[in-house]
Amino acid sequence: MSKVRIGLLGCGSIGGFLARHILAEGAADSIELGYAYDVDEKRLQDIPAACRIVRRSDLFARPADLVVEAAHADLLKEVALRIVERSDLLLFSITALADEAFRTALEQTAVKCGRKVFLPHGAMIGVDGLADAGPTLKSVTVTTTKSPASLGLPPDKYTVVYEGPVRQACA
């Protein structure tokens, strides 16, 4: 049985964890790391050199059965259509799908190329619980906390970045 080759977009908290797991446990799980890419090359230092991609244009030169995106909605929107032409895609930047034109193009490309796009329910902030509550809800408040450093702020600077409708936050 051949191993499933995984490509990673983003090696921050989620992508870094996945990379470490694949590298440590991949043989037992029948998976292997095909490549890892991050805009911050420092995040690739623990990735074997043969698996590192430092230029975005090289993403499409390496094969992967499944690409896991754990980077940013902007990067996803830039590369996703080319990825699903040749690989299945699991995406964590669900906010990119608020762009109706992008969502439609991604769906059409995946169908045309016989690929799958996976949306992990955890990336949608408890949507399974909201679906279970259904019509009993009158309103929902979502609070998400990110590391200030991930937003380019000093590490001790917590602030409200956005308050309003979810769809507008995603756009």
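The values are calculated or read from the model by the stated rules, or taken from the named source; none is laboratory data. Quick caveat, the model's predicted, so the values are computed rather than measured. Using ideal geometry, Cβ is built from the backbone for each residue, glycine included, and neighbour counts are taken over all protein chains shown. Heavy atoms of the whole protein, side chains included, go into the accessibility calculation; ligands, DNA and RNA do not. Shrake-Rupley method; radii C 1.70, N 1.55, O 1.52, S 1.80 Å.
Tabulated results
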read-out	value
Selected residue (criterion: farthest from Leu151 (Cα to Cα)) from residues of region 52-74 that are open to solvent by less than 20 Å² (accessible area, probe 1.4 Å) and assigned to a helix (DSSP H, G or I)	Leu59
Among (1) touching a Cys at 6+ places or on another chain (Cβ under 8 Å); (2) under 22 Å from Ala19 (Cα atoms); (3) in contact (Cβ under 8 Å) with a residue 60 or more places away in the chain - the single one Ala71 does not satisfy	(1)
So Arg103, is it in a helix (DSSP H, G or I) and in contact with a Phe, Trp or Tyr (Cβ under 9 Å, 6 or more places away or on another chain)	no
Region 14-51, subset under 12 Å from the mean Cα position of the chain (by Cα) and closer than 18 Å to Asp74 by Cβ, residue modelled with the lowest pLDDT	Ile14
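Condition check ((1) in contact with a strand residue (DSSP E or B) (Cβ under 6 Å, 6 or more places away or on another chain); (2) buried (at least 22 other Cβ atoms within 10 Å of the Cβ)) across all residues:
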{"site": "Ser13", "(1), (2)": "no, no"}
{"site": "Glu32", "(1), (2)": "yes, no"}
{"site": "Tyr37", "(1), (2)": "yes, yes"}
{"site": "Lys42", "(1), (2)": "no, no"}
{"site": "Lys77", "(1), (2)": "no, no"}
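For every residue, the table says whether it meets (1) at pLDDT 95 or above; (2) closer than 27 Å to Arg43 by Cβ.
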position	(1), (2)
Asp88	yes, yes
Thr95	no, yes
Gly122	no, yes
Gly129	no, no
Ala133	no, no
